[in-house]
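This report refers to the structure that appears directly beneath it.
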Amino acid sequence: MSKRVTMDWTLFFTVAAMVAVGLIMIYSASSITAESRYGKHPLYFIGMQLGWAVVGFGALMLMRRFDYRKLRRPEWAFGPMAIVLFLLPVAYFVDPKHRWIPLGIGNIQPSELAKPAMVIFLAYFLTWRHAAINDTKFTLRPAAAVLGVLFLLVAIADLGTAVVLAVTAVTMFFIAGLDRRFLITAGSLAIVCMSVAIVSKPYRFRRVIEMFDPTYEKVDKYDATGKIKPYILSSASVSDTGYQARQAKIAHGSGGIFGLGLMHGRQKHFYLPESHTDFIYAVIGEELGLWGTSAILFGYFIIIWRGIRIFLLAPDDYGRMLALGLTVALGFQALFNITVVLGLGPTKGIPLPMISYGGSALMTTLASLGILLNVSENVG
């Protein structure tokens with residue numbers, strides 16, 4: 001007798017609720033500024049996001065019904081990665097500022113596609129090479145070559161997503177049994193590369209410096225050459241790297257416990273430029289207060305809990321690796337965004353999963369969760 005397939009309703013309804021909250025908050029954060037700042041109809045951003053939500057839930061249901069074990073084939077492991085590696089430089093040359101590829105009815109951001117593509121690739125590769133995970137020639141070098149190119153292409157214009165990819169990859173390798181000495185080497189190399197990426201862009205370096213030394217007192221004291229300050233201030237794209245973080249703190253402080261009420265936030269009116277995208281968590285804090293932000297955190301907690309449960313109970317190694325990678329990528333990105341919005345880390349543009357405005361981010365997140373739902377249906 002065949003096993004009855006059941007939906008993980010806890011995970012599904014949590015995801016649906018998070019997307020619904022995201023749509024409501026995007027409307028609240030963008031309805032006025034859409035017209036005054038962007039010259040769009042007040043319903044423009046919510047309309048676009050609603051369309052992507054419909055497409056995203058279609059992708060979720062499609063992947064939920066697609067047996068994840070069929071992804072354990074070379075064409076699924078290498079095909080999406082090859083597409084992403086091709087689209088990343090295309091996006092950079094087409095739109096170096098946003099890294100988008102216009103499609104006429106919307107834009108696609110290849111760095112968002114990189115997350116599920118990398119997880120599927122690593123789940124296949126680490127399962128295939130599990131018995132020889134510490135083999136330098138046939139396991140580590142090929143993986144390092146592919147991942148190194150991916151991280152480089154993403155980090156050129158989107159360091160935040162590159163960090164999410166790196167943390168996800170390291171976690172998957174660690175769970176797969178990679179020797180500690182290789183993990184330390186990879187971690188040290190990642191820190192060096194990230195430092196180079198930060199220093200190579202004046203605005204990135206400035207964000208880090210101003211996070212720890214906002215008045216440049218330590219820079220003036222220890223920079224004997226006097227070159228650091230002129231270098232970081234040479235960034236013409238950002239006049240005040242701490243501006244959004246300060247406005248986000250004001251928003252959270254104004255909201256208090258119960259918030260000012262939906263649609264009654266003030267910081268979104270020209271004070272917080274990215275109120276409907278990367279800093280939407282601040283709008284939630286101002287309008288819905290502590291209970292609203294806590295509800296969002298609780299939603300992510302449920303998704304991460306279900307993801308860990310699926311990882312622990314999945315019937316095969318490939319399913320476990322898929323569940324682990326998809327859960328870590330979503331959970332760490334949410335933590336990363338919230339940390340930045342709360343002023344606990346340097347300002348970096350990265351969307352809050354399922355909440356921030358962004359079609360590519362929403363669609364790829366929902367498709368990834370569809371895969372997670374499919375793995376959960378095979379949990380005993």
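Coordinate-derived values only; no laboratory data. Note that the coordinates shown come from a computational prediction; the quantities given were computed from them, not determined experimentally. Don't worry about glycine lacking a Cβ; one is built from the backbone with ideal geometry, like all the others, and counts go over all protein chains shown.
Using only alpha carbons, the range 46-87 has a radius of gyration to Kirkwood radius ratio (Rg to Rh) of 1.12.
Note on the range 241-380: the C-alpha convex hull projects to 8.7 nm² when averaged across all orientations. The residue among PHE332, LEU313, GLY292 whose Cα reaches farthest toward the positive pole of the charge dipole of the range 268-338, with charges on the beta-carbon of Lys, Arg, Asp and Glu, is LEU313.
Considering only SER254, ILE198, PHE86, and ranking their Cα positions along the charge dipole of the range 9-376 that arises from unit charges at the beta-carbon of Lys, Arg, Asp and Glu, the one farthest toward the positive end is PHE86.
Filter the cross-link list LYS137/LYS348; LYS115/LYS229; LYS227/LYS348; LYS229/LYS348; LYS218/LYS348 down to pairs whose alpha-carbon distance in this structure exceeds 30 Å. Exceeds cut-off: LYS137/LYS348; LYS115/LYS229. Each residue, LYS137 and HIS41, gets one label point 7 Å from its Cα in the Cβ direction; the gap between the two is 6.4 nm. Size descriptors for the range 308-380, from the alpha-carbon set: Rg then Dmax equal 14.1, 43 Å. Dividing the radius of gyration of the alpha carbons in the range 1-85 by their Kirkwood radius gives 1.15 for Rg/Rh. For the chain, the share of alpha carbon pairs falling in successive 20 Å distance bins from zero is 27, 58, 15, 0 percent. Averaging over all projection directions, the Cα-based convex hull of the range 39-115 occupies 6.5 nm² in the image plane.
What does the charge dipole of the chain about its Cα centre add up to, to the nearest 20 debye, if the Cβ of each Lys and Arg holds +1 and the Cβ of each Asp and Glu holds -1?
It comes to approximately 540 debye.
Taken as Cα centroids, the range 288-309 and the range 70-100 sit 30 Å apart, rounded to the nearest whole angstrom.
With contacts taken as Cα pairs under 8 Å and at least 6 residues apart, the chain reaches a relative contact order of 29 percent.
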